[in-house]
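Working notes, structure below.
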Amino acid sequence: MKIVNSIKELKNFLSKEKENGFSVGFVPTMGALHQGHISLVNRCVGDNHVCVVSIFVNPTQFNDKKDLETYPRTPEKDITLLESAGCNYLFAPSEHEMYPEPDTRVFDFGQLTEVMEGEHRPGHFNGVAQIVSKLFAAAEPDRAYFGEKDFQQVAVIRAMTKQLHLPIQIIACPILREADGLAMSSRNVRLTKEQCQKAPLIAQTLKESTNFAVGKSVKDVTAYVTDTLNKEPVMRVEYFDIVDGYTLLSINDWSETTYPVGCIAVFCGEVRLIDNITYEIK
Ligand code: AMP
């Protein structure tokens, strides 16, 4: 695996690969890699001749300075994991490389970014679009891989790719979970021992809510999930919305969509965790 720090160098390497007719797959990450990330890398390696992974903790997408400062960084472990997964290029730029000057671009994704993460993390998706568009311009991949754990992010990236007319196929990959159901996340390492024991309740409650949903209204299910989790002193639900999985607009009745998805953000102590689940209402 080649480790590349500059855009120019990455472009040089990848243009040679493309001249040879090789397809390029790309997985953008913020590092502190776990098996959830590696599942994306595995898919990327399987689908493409060349797999590029980026590690960059993007300051413009953090609306909370403390979250940025405490974001875990494990560069050596990341390199080992990527090498054994068969990644060909690790792109690990500096902040100056990605933002030689402040990025003043303002994206407009309409309703997609007005709800859920967009509502509770002002500026977050604008920062995501800034960095992912720059990374796309640097790697010019044929395909790019994103996890469904960040459900809204996938929708935003698809919208951005369309807006910018980029010839990149966006591929959404399923959520990887711990054996107890907890969605894998780089932030999980920040949980205390007690919080670690409680955090799986988020996924368990979402799963239980799919059984509870039979014959119940959207409002009942929303209250069930929110109340169950808020009963735990260590948890505070920031939002739980059942939305149309395509438009991300909240639904009031199951008949409003063929693709209902429940999206949640919960503070477990100080750590903010997100997760989601699809309902199959017959
Ligand atoms: P991050 O490093 O948190 O920005 O994540 C990089 C990519 O990995 C994003 O597309 C995430 O959605 C994806 N990802 C993170 N956690 C998981 C997981 N548990 N399962 C699948 N994909 C994930």
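What order, most packed first, do the peptides 73-86, 232-245 have when packing is the mean number of other Cβ atoms within 10 Å of each residue?
232-245, 73-86
In sequence order, what are the phi-derived ³J(HN,Hα) couplings for the range 136-144 according to the Karplus relation 6.51 cos²θ - 1.76 cosθ + 1.60 with θ = phi - 60°, rounded to whole Hz, with x for glycine and proline?
Here the 3J(HN,Hα) series is 4, 5, 6, 8, 6, x, 7, 9, 9 Hz.
Take every DSSP beta bridge whose two residues both sit in the chain, then give the antiparallel share in percent to the nearest 5.
50
Hey, how many Å between the Cα centroid of the range 201-245 and the Cα centroid of the range 78-131?
About 29 Å separates the Cα centre of the range 201-245 from the one of the range 78-131.
Whole-Hz Karplus ³J(HN,Hα) for the range 219-231, in order, using 6.51 cos²θ - 1.76 cosθ + 1.60 and θ = phi - 60°, x for Gly and Pro?
Running phi through 6.51 cos²θ - 1.76 cosθ + 1.60 with θ = phi - 60° gives 5, 4, 5, 4, 5, 4, 5, 5, 5, 4, 6, 5, 5 Hz.
Given charges of +1 on the Cβ of Lys and Arg and -1 on the Cβ of Asp and Glu, with all other atoms neutral, how large is the dipole of the range 2-173 about its Cα centre, in debye to the nearest 20?
280
Between the range 135-189 and the range 49-73, what is the separation of their alpha carbon centroids in Å?
What the calculation gives is 14 Å, centre to centre.
Which of 161, 100, 116 sits farthest toward the positive end of the charge dipole of the range 94-170, with +1 on the Cβ of Lys and Arg and -1 on the Cβ of Asp and Glu?
161
I'd like to compare 268-279, 141-152: which one has the highest average count of other Cβ atoms within 10 Å, and what's the full order after that?
Listed from highest to lowest mean packing, they are 141-152, 268-279.
With angles folded into 0 to 90 degrees, how steeply does helix 151-163 sit against the dominant principal axis of the chain? Use alpha carbons for both and round to 10.
50
Cross-link partners among aspartates and glutamates for residue 66, C-alpha distance below 12 Å, same-chain residues fewer than 8 apart left out?
Correct list for residue 66: 270.
Compute the accessible area per residue over the range 2-173, keeping the other protein chains in place, probe 1.4 Å, unit Å².
46
Quick one: what are the phi-derived ³J(HN,Hα) couplings along the range 81-89, Karplus 6.51/-1.76/1.60 with θ = phi - 60°, whole Hz, x for glycine and proline?
Each residue's phi maps through the Karplus curve to give 4, 5, 4, 6, 7, x, 5, 8, 9 Hz.
Whose amide H sits under 5 Å from the amide H of residue 173, counting only residues 5 or more places off or on another chain, with H placed in the peptide plane?
Distant-sequence amide H within range of residue 173: 146, 147, 148.
Run lengths n ≥ 4 of DSSP H only: what is the helix-derived mean residue ellipticity at 222 nm for the chain, with -39500 (n - 2.57) per run over all residues, to the nearest 500?
-12000 deg cm²/dmol
Filter 149/231; 8/162; 18/77; 207/231; 149/193 down to the pairs with a C-alpha to C-alpha distance above 20 Å, please.
149/231; 8/162; 18/77; 149/193
The values are calculated or read from the model by the stated rules, or taken from the named source; none is laboratory data. These figures come from a predicted structure and were not determined experimentally. Quick reminder, even Gly has a Cβ in these numbers, built from the backbone with ideal geometry, and neighbours come from all protein chains shown. What goes into the accessible areas is simple: the full protein's heavy atoms, side chains included, and nothing from ligands, DNA or RNA. Shrake-Rupley method; radii C 1.70, N 1.55, O 1.52, S 1.80 Å.
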